[in-house]
Amino acid sequence: MKNLLIGAALCALTWSGPALADDLEEEAARFGIRATVLSVSLSPSGEKIAFISAGPEHSEVLNVVDLAGDGQVRVVTRNSEQNGDLTRCEWATDTRLVRQLYGIGKGGGLLLGFTRMFAIDYDGQNGQLLTERASTRALRFAQHGGSLVALEVDGEPGSILMTREWVKERSIGTRLANDKEGYGVDLVNVSNGRRKVQEQPDINASAYIADENGDLRLKVRSLTDSRGYLTGEDVYMYRGPEDNRWSELENVTINGVPTSDFYTVAVDASRNVIYGFDKVGGYEAVVEVPLDGSNSGKVIVARNDVDVDQLIRIGRQQRVVGASYATEKRAIKYFDAELGKLAQDLAKALPNKPLITIAGASADENRLLIIASSDRDPGMVYLYDKTARQLQPLLAMREALVGREMGTVTPVSYPASDGTYIPGYLTLPPGSDGRNLPAIVLPHGGPAARDEWGFDWLPQYFVSRGYAVLQPNFRGSAGYGEAWFGKNGYQAGPTAIGDINDAGRWLVQEGVADPSRLAIMGWSYGGYAALQSQVVDPDLYKAVVAIAPVTDLGFLREDARDYVSGELREEQLGEGPHIAAGSPLRHAEKFSAPVALFHGDYDLNVDVRHSRAMEDRLEDAGKQVSYTEYEGLEHSLRDSKVRTEMLTKIDRFLAAALGS
C-alpha cells in the first residue's frame with residue numbers, strides 16, 4: 001500500500017483561499033467553511049474509502065479514494081439541493097455505496113423533515129433510489145425514506161436491511177390499495193434494487209435493531225395517546241435468533257433492582273445479550289440484559305460524577321467494544337482488550353491528538369479508520385493496518401484550517417451566586433496573557449446537551465479574533481446526572497440563566513474580561529439564554545448575538561402542536577408563571593445592549609417567527625437590533641458561504657458594540 005497523504009489533494013474541493021477584501025473576511029471564510037470530512041467509510045476489503053465533503057455554499061461532494069491504486073480523490077456524485085444534505089455514506093459491497101439524504105420540505109403549511117436512501121457504484125455509475133417509491137394513491141407524504149439496520153446479512157451478499165415507512169392508500173376504484181401503516185423492514189439488494197419484506201409494518205414501531213448476523217432482534221415501539229401525540233413511553237420487544245415471535249421486554253431488573261429508566265440500543269448474538277442504558281445513582285450507566293427470558297441485567301460501566309452516555313461500536317456489524325463518558329475530557333473504557341491496547345499505543349503515537357475515534361473497519365477488522373483530534377486540531381483521518389502495524393495519515397478533517405494556530409481549551413469551574421461550582425471551558429487567544437480581553441460567554445444549545453473539550457469552530461473563530469470565550473455547562477445541561485439537569489433549562493430557567501450570567505461575572509472578577517467589552521452569544525437554546533440574560537441583568541453584557549433562538553416559550557409550545565412531539569414539548573415546558581417570565585420576547589423594554597439576530601427560514605427546530613417577532617418587538621421598544629434571515633436554510637445553517645457571511649457580520653457587530 002502506498003504512503004498516502006490525501007488531504008492536500010482536496011483544496012480544489014473545499015478551500016481555494018478566495019481573494020477577499022481583508023483579513024477579517026479571509027479568517028471568517030477559513031472557519032465558516034464546513035468540514036472537509038462530514039462522513040467517512042472504509043470498504044469491506046479495506047482498500048477504498050468514501051467520504052462526504054463540503055462543496056461550495058450548501059453543496060456536498062461524495063468522493064472515493066482507491067488506497068490500493070493511485071490514491072487519488074475521485075468525485076462520485078454531488079448534491080446541491082438547497083433543502084437537502086448528504087448526511088451519510090456506507091459501503092454495502094466493495095463496489096457499491098449507500099448514501100442517505102436528509103431534507104426539509106413544506107407540506108400543508110408545515111415544515112417536514114424527510115430522508116431518502118440511494119445506491120451508487122464507486123465510480124459514479126448506476127445510481128439508484130433505494131427508498132420505496134410513493135404511490136400516487138398515498139394518503140400522505142412518506143417522510144421516512146429508510147435507515148440502515150444491517151450492512152451484513154448472512155446468506156444475502158450485496159443485500160442490506162433497511163427500514164421502510166408504509167403509508168395507507170386510497171382504495172376507491174382499486175382492490176390493490178395498501179392498507180398497512182407504520183415502520184417495517186425490507187431486505188434490499190443494492191445492485192438491482194429488488195426488495196422483499198423482512199418485517200411487516202407496526203404502527204407504533206420507531207426503530208429496529210439487528211444483531212451482528214443481520215437478524216432482527218429488537219423492536220422499539222413508541223406509544224401515542226388518543227390524539228396521536230407521542231407519550232414518551234417506549235416498549236421494547238425482542239426475539240431469539242431462531243424465533244419469529246416478538247416478546248415484550250418487561251419487568252427488567254438491573255443488579256436485582258426494578259427499573260423504569262432502562263432503554264436498549266444494541267444486541268450481541270454471540271452472548272445473547274442486549275446493551276442499553278439505565279439510571280444508577282442518578283447517572284446514566286451502561287447495562288446488559290440477557291435475552292434468556294429472565295430480564296435480569298447488570299451494570300457494565302457506571303460513574304458517580306458524570307453520565308456514561310455512549311456505546312463504542314465498530315465495523316460493519318457494529319460490534320460493541322466499549323463505553324464512553326466525558327468528565328473534563330472524554331474517555332473510553334474498552335471491553336475489547338486488543339482495542340484497549342491499540343488505543344494506548346495510538347495515544348503514544350499521537351500525543352497531541354488525544355481524542356481517538358474508530359470511524360470505520362474492514363470486514364475482517366484488520367484495517368481501521370481512525371480519527372484523531374484535540375482542542376487545537378480539528379483532526380486527521382488515519383488508516384491503521386494491524387498486520388503491518390502501520391498508521392498512515394489520509395484526510396484532514398478541516399483542510400482550510402491545517403496549520404492554523406488555535407487557542408488552548410482549558411477546563412475551569414466557577415462559583416455561581418449560590419456557591420455551586422459550574423464546570424465549563426475557557427479558551428484564550430494564542431499568545432495572550434489572558435488579562436483584560438474582550439470576551440464572549442457562549443452557552444450551548446439544547447438545553448439537554450453539554451459542551452466538551454475538543455475542537456469547536458465557532459469559539460475558535462472568535463478566539464482567533466482576540467476574544468476570550470467561556471462555554472459554561474450550566475445547571476440544566478445534560479451529562480452530569482439527573483440532579484444537575486433538574487427540571488431542564490426552561491422550567492428551571494432562573495437557575496440556568498443565573499449560572500450563565502455568573503460566568504460573565506467570573507470572567508470580570510478574574511481579570512480575564514474587560515467589563516466594558518463583555519458579550520454573550522448562543523445558538524438555539526444558547527441564543528435563547530443570550531436574550532434572556534438581558535431580561536435578568538441588562539447591564540452585564542454589552543452585546544448580544546442570538547442564532548436561531550427561542551424567543552417565546554408560548555411560541556415553542558404552539559409550534560409543536562402540529563407534530564407528534566407536541567405532548568413531549570408540553571411536558572418539557574410545563575405550566576406556570578415561568579412561561580411569561582422566561583420569554584425574552586415579552587420583555588423587550590428591559591434590553592439595554594444591542595442585539596444581532598440570525599435565523600434560517602426552513603428551521604424545523606425553532607420556527608423563524610421567533611426571530612422575526614423579536615426584531616419587531618425590540619424595534620417597537622426603541623432598542624438597537626439587526627436581523628439577518630437566510631432563505632431555505634435549516635437550524636444549523638449548513639452553508640459555507642452563509643456561515644462565512646454570518647461570522648463576518650457578527651465580528652463587525654461586536655467590534656462596533658464593544659469598541660474592540
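The values are calculated or read from the model by the stated rules, or taken from the named source; none is laboratory data. No experiment lies behind these values; they were computed from the predicted model shown. Cβ placement follows ideal geometry from the backbone for every residue including glycine, while neighbour counts extend to all protein chains displayed. Side chains are part of the model used for accessible areas, which takes the heavy atoms of the whole protein and leaves out ligands, DNA and RNA. Shrake-Rupley method; radii C 1.70, N 1.55, O 1.52, S 1.80 Å.
Among the residues of the range 229-255, those that are modelled with pLDDT of 90 or more, open to solvent by less than 60 Å² (accessible area, probe 1.4 Å) and not aromatic (Phe, Trp, Tyr) comprise 230, 231, 232, 235, 237, 239, 247, 249, 252, 253, 254. Annotation: residue 134 fulfils all but one of (1) open to solvent by 70 Å² or more (accessible area, probe 1.4 Å); (2) of a type outside the set (D, E, K, R); (3) within 30 Å of residue 363 (Cβ to Cβ); (4) not in a strand (DSSP E or B); the unmet one is (3).
Considering (1) open to solvent by 50 Å² or more (accessible area, probe 1.4 Å); (2) modelled with pLDDT of 95 or more, the lone condition that residue 338 does not fulfil carries the number (2).
Residues in the range 365-380 that are aliphatic (A, V, I, L, M) and more than 22 Å from residue 458 (Cβ to Cβ): 368, 369, 370.
Can you confirm whether the range 143-155 contains a residue that is more than 25 Å from the chain's Cα centre (by Cα), surrounded by fewer than 19 Cβ atoms within 10 Å (Cβ to Cβ) and either closer than 25 Å to residue 103 by Cα or small (Gly, Ala, Ser) (or both)? Looking for residues that are more than 25 Å from the chain's Cα centre (by Cα), surrounded by fewer than 19 Cβ atoms within 10 Å (Cβ to Cβ) and either closer than 25 Å to residue 103 by Cα or small (Gly, Ala, Ser) (or both), one finds at least one in the range 143-155, hence yes.
Highlighted here are the strands (runs of 3 or more DSSP E) found entirely within the range 362-423 that include at least 1 residues which are of a type in the set (Phe, Trp, Tyr) and crowded, with 17+ Cβ neighbours inside 10 Å: 380-385, 409-415. A count restricted to the range 544-562 and to residues that are in contact (Cβ under 8 Å) with a residue 24 or more places away in the chain and either part of a loop (DSSP other than H, G, I, E, B) or surrounded by fewer than 19 Cβ atoms within 10 Å (Cβ to Cβ) (or both) stands at 8.
Per the listing 312, 358, 274, the residue uniquely within 21 Å of residue 449 (Cβ to Cβ), in contact (Cβ under 8 Å) with a residue 24 or more places away in the chain and either among the basic types (Lys, Arg) or in a strand (DSSP E or B) (or both) is 312. Selection over the range 468-489 of residues that are touching a residue at least 40 places away in the same chain (Cβ under 8 Å) and either open to solvent by less than 10 Å² (accessible area, probe 1.4 Å) or outside any helix (DSSP H, G or I) (or both) gives a count of 14.
Taken over the range 137-148, the criterion of being part of a strand (DSSP E or B) and under 25 Å from residue 78 (Cα atoms) is satisfied by 148 alone.
Count of the range 103-131 residues, restricted to those that are open to solvent by 40 Å² or more (accessible area, probe 1.4 Å), in a loop (DSSP other than H, G, I, E, B) and of a type outside the set (Phe, Trp, Tyr), is 6. There is at least one residue in the range 512-525 that is in contact with a helix residue (DSSP H, G or I) (Cβ under 9 Å, 6 or more places away or on another chain), in a helix (DSSP H, G or I) and either of a type in the set (A, V, I, L, M, F, W, C) or more than 11 Å from residue 440 (Cα to Cα) (or both).
From the set of residues in the range 179-194 that are touching a residue at least 40 places away in the same chain (Cβ under 8 Å) and crowded, with 16+ Cβ neighbours inside 10 Å, which is farthest from residue 90 (Cα to Cα)? The extreme case among them is 186. Take the residues in the range 618-646 that are outside any loop (DSSP other than H, G, I, E, B) and touching a residue at least 60 places away in the same chain (Cβ under 8 Å), then tell me which one is surrounded by the fewest Cβ atoms within 10 Å (Cβ to Cβ). Of everything passing the filter in the range 618-646, 641 is surrounded by the fewest Cβ atoms within 10 Å (Cβ to Cβ).
Counting only residues that are of a type outside the set (Lys, Arg) and outside any strand (DSSP E or B), which one in the range 212-228 is most open to solvent (accessible area, probe 1.4 Å)? For the range 212-228, the residue satisfying everything is 226.
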